[in-house]
Amino acid sequence: MADQWQEAYDFAVQVARAAGAVIRKAGECEIKVQTKSCTVDLVTQTDERVEKIIIGSLKEQFGEGTHCFIGEESVAKGEPCILTDKPTWIIDPVDGTTNFVHGFPFVAVSIAFAVNKELEFGVIYSCLEDKMYKARKGRGAFCDDEPIQVSDVKDIHKSIIISEHGTDRDKQKVKKIFSTMQKILCIPVHGLRGSGTAATNMCLVASGATEAFFEIGIHCWDIAAGAVIVKEAGGVLLDVDGGPFDLMSRRMISANNMVIAERIIKEIEIFDSVRDDAP
Ligand code: LIP
C-alpha cells in the first residue's frame, strides 16, 4: 500500500502546528519550572500539557490500541520506552525546554512515526521561528513546503559543527564533552554551534546551515523525527563509534556526508549512557 501513512503524516503536521501555538502562548505567561533527573533537567506544565494534547489528538484520530506512543513526559512518569513492530508515535512535546524557560528562541515540537521499528516520517515544528520541517521516507525533506538539502561541503576545515552539553553534570563526562569540542574546534573547523534543541540542530544539518550535529545522552524522542528529515535531505546518520545508527542508544551523529561524519567521529570521546530501552 504505497500511500498508507499519508493521512497520519498530514495529521502530524497539523498537530505539531497546533502544539507549537500552545507553546508560544504559554511562553507569554509565567512559566512554572520543575526538575526531573537532576537540577538542570527541567520540565514545565507546558511540556506535560502539550504532550497530553498531542497524544490525545492522535488517539482520537487513529484509535486507542492500534497505535503505540513513546512520549518524553509519559516515559518520565514511568511509561515504557520500547519500540515494537506496532505503529508507534515518538514525541517530544517541547524540545529545548531549557530554552523555553529562558526565552532563548529555539523550541521545537518533534513528532516521529515508526512501523516495524522503521521510521516512516518525521515532523519538527520550530515554533518560535514558525518553521515547519517534515520528511517522509523516500519522499524528500521540506521546510515550509520548500525542498531542503544538506550542504555539499566535504572539507572539514570549511564546516560548522553542532553539539550540545546535555543535562548530565558528571565531571568525567563533562570533561570528555569539552575535550571533544576542543579537538574538533582545533581541526580547525569554521565554528562550533548549538541551538539547545536536538530537533532543531538536526533541521540545521538537513537544511545545509551546518555540516554535522552529534550528541551523547540524547533520547529517542529528541532525534527520531530529525533522523528522517536529515536522511531525506541527503544526509547520513551513524553511531558515534561509526557503527549503524541506533535510535535507542542515546547517541548519534547526523552529518551532510560520510566524509564529514567519519572525520568528526575520530575526535569523539565516547562515554556511557543507559539505553532508552534498557530494562
Ligand atoms: C534536550 C535536547 C538538547 C539536549 C538535552 C535534552 P529536552 O531535550 O534537545 O539538545 O542537549 O540533552 O535532551 O529535554 O529539552 O526535550
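The numbers here are math on the coordinates, done by the rules we state, and not lab data. Everything numeric in this text was worked out from a predicted model, so none of it was measured. Here the Cβ is made from the backbone with ideal geometry for all residues, glycine too, and neighbour counts use every protein chain on show.
Rounded, prolate or oblate, given the Cα gyration tensor of segment 133-222, with a/c below 1.5 counting as rounded? Don't jump to the answer; show the numbers that get you there.
Details: a/c = 3.03, a/b = 1.44, b/c = 2.11.
Oblate, because a/c is 1.5 or more while a/b does not exceed b/c.
Could you work out how far apart the two model spin labels at E118 and Q172 are, taking each label as a point 7 Å from the Cα in the direction of the beta carbon, and quote it in nm?
Going from the E118 label point to the Q172 one covers 4.0 nm.
For segment 190-272, rounded, prolate or oblate, judged on the Cα gyration tensor with a ≥ b ≥ c (square roots of eigenvalues), a/c < 1.5 rounded, else prolate if a/b > b/c? Walk me through the numbers before you get to the answer.
Values: a/c = 1.28, a/b = 1.08, b/c = 1.18.
Rounded shape, in that the Cα axes give a/c under 1.5.
To make sure I understand the rule: partners must be lysines, Cα under 22 Å from the Cα of K175, and not fewer than 8 residues away in the same chain. Which ones qualify?
K183, K266
Using Cα springs under 10 Å in a Gaussian network model of the chain, which residue among D170, D152, D130 shows the largest mean-square fluctuation?
Fluctuation is largest for D170.
For the chain, what is the mean residue ellipticity at 222 nm derived from helices alone (per DSSP H run of n ≥ 4: -39500 (n - 2.57); sum divided by total residues; nearest 500 deg cm²/dmol)?
-10500 deg cm²/dmol
Binning at 5 angstrom from zero up to the longest distance, how are the C-alpha pair distances of the chain distributed in percent?
For the chain, the pair-distance distribution reads 1, 6, 13, 18, 20, 18, 13, 7, 3, 1, 0.
Can you divide the C-alpha Rg of segment 24-145 by 2.2 N^0.38 Å and report the result to two decimal places?
The reported ratio for this selection is 1.10.
Compare A261, A18, A108 in a GNM of the chain, Cα atoms joined below 10 Å, and give the one with the largest fluctuation.
Per the Cα network of the chain with a 10 Å cutoff, A18 tops the list.
Once the Cα gyration tensor of segment 3-64 is diagonalised, what are the square roots of 5 times its eigenvalues, in whole Å and ordered largest first, as equivalent ellipsoid semi-axes?
Values: eigenvalues 151, 38, 18 Å².
Computed over segment 3-64, the values are 27, 14, 10 Å.
Filter the chymotrypsin sites (Phe, Trp or Tyr not before Pro) in segment 91-138 down to the DSSP loop ones having no more than 12 other Cβ atoms within 10 Å, then list what survives.
Numbers: sites: F100, F106, F113, F121, Y125, Y133; in loops: F106.
Counting only loop positions with at most 12 other Cβ atoms within 10 Å, none of the chymotrypsin sites (Phe, Trp or Tyr not before Pro) in segment 91-138 qualifies.
For segment 33-146, give me the percentage of DSSP beta bridges that are antiparallel, rounded to the nearest 5 percent. Present the calculation step by step, with values, prior to reporting the outcome.
Working: 27 of 32 bridges.
Restricted to segment 33-146, the bridges split so that about 85 percent are antiparallel.
Residues with beta-carbon under 11 Å from that of L238, excluding L238: net charge, scoring Lys, Arg +1 and Asp, Glu -1? Spell out each step's value before the answer.
Working: positive: R251; negative: D239, D241, D246, E262.
Local charge sum for L238: -3.
Assuming R0 = 30 Å, what is the FRET efficiency of M248 and H165, from their Cβ-Cβ distance, to the nearest 0.05?
Numbers: r = 22 Å, r/R0 = 0.72.
The calculated FRET efficiency here is 0.90.
What is the list of residues in segment 115-141 whose amide nitrogen lies under 14 Å from a point 7 angstrom out from the Cα of T84, following Cα to Cβ?
115-117
If one computes the Cα centroid of segment 236-279 and of segment 111-190, what distance in Å separates the two points?
Segment 236-279 and segment 111-190 have Cα centres spaced 12 Å from each other.
Could you tally the net charge around D170, taking each other residue with its Cβ under 12 Å from the Cβ of D170, Lys/Arg +1 and Asp/Glu -1? Please list the in-between numbers first.
Working: positive: R169, K171, K173, K175, K176; negative: D168, D272.
Once all neighbours under 12 Å are counted, the net charge is +3.
Can you tell me which lysines have their Cα less than 24 Å from the Cα of K52? Leave out same-chain residues fewer than eight positions away.
Cross-link targets: K25, K32, K36, K77, K86, K117, K131, K134.
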